[in-house]
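A short write-up of the structure that comes next.
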Amino acid sequence: MCLSAILVAVICLWSFDGNARPRSFVPDPITGYAIGGHDPVSYFVDGYPRKGSREYTYKWGDTEWVFVNKGNMEAFKLHPNAYAPMFAACGGYGLSEGFATAGNPFIYAIVEGRLMFFYSVVNRFLFIVNGTQRLNEARSHAETVGCLPE
């Protein structure tokens with residue numbers, strides 16, 4: 001019994017790379033899709049998040065993405081980094097403070113032409129008020145906390 005516990009601890013320590021979260025987009029636990037099943041292109045085309053359809057799916061970043069229509073899916077295929085949320089959908093303000101929070105697909109902003117999620121409306125406000133500094137701080141912490149840099 002004691003040997004088993006030691007073996008499990010060694011395997012866990014050996015496989016842990018120091019990151020707080022996986023280095024990819026974490027699928028929504030309910031839908032199984034990236035960003036809660038919302039079409040990332042819709043934020044730019046429609047100006048708000050729209051639920052994607054299972055008819056239009058594409059796997060990228062170890063996660064399944066869904067889209068409203070074929071055009072949005074094809075646009076994403078051509079330039080996924082242009083449409084996918086910055087920092088693997090971690091909350092921008094929390095990241096600027098040095099920790100990973102889950103971003104909310106309904107609380108977002110387009111920052112330097114990229115989609116960014118936030119944990120709360122207050123966090124979005126605090127980030128935007130001092131955007132350049134906060135963005136630089138978020139970029140500096142992204143690697144440490146395991147949120148992919150854009």
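Values for this structure:
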{"read-out": "Those aspartates and glutamates that a straight Cα-Cα span of less than 19 Å connects to Lys77, excepting residues fewer than 8 apart in one chain", "value": "Asp39, Asp46, Glu55, Asp62, Glu64, Glu150"}
{"read-out": "Ordering of 67-74, 27-34 by burial proxy (mean other Cβ atoms within 10 Å per residue, highest first)", "value": "67-74, 27-34"}
{"read-out": "Relative contact order for the stretch 26-79, counting Cα pairs under 8 Å that sit 6 or more residues apart, in percent", "value": "33 percent"}
{"read-out": "Spacing of the two label points (7 Å from each Cα toward its C-beta) at Ile30 and Asn136, in nm", "value": "3.9 nm"}
{"read-out": "For the stretch 132-139, Karplus couplings with θ = phi - 60° (6.51, -1.76, 1.60), whole Hz, Gly/Pro x", "value": "4, 5, 4, 5, 5, 5, 4, 4"}
{"read-out": "Long-range HN-HN contacts of Leu115 with modeled amide H, under 5 Å", "value": "Met86"}
{"read-out": "Overall form of the stretch 97-150 per C-alpha gyration tensor (a/c, 1.5; a/b vs b/c)", "value": "rounded"}
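Every number here is computed from the coordinates shown, using simple stated rules; none is lab data. Please read all numbers here as calculations on a predicted model, not as lab measurements. No Cβ is skipped: glycine too gets one built from the backbone with ideal geometry, and neighbour counts run over all protein chains shown.
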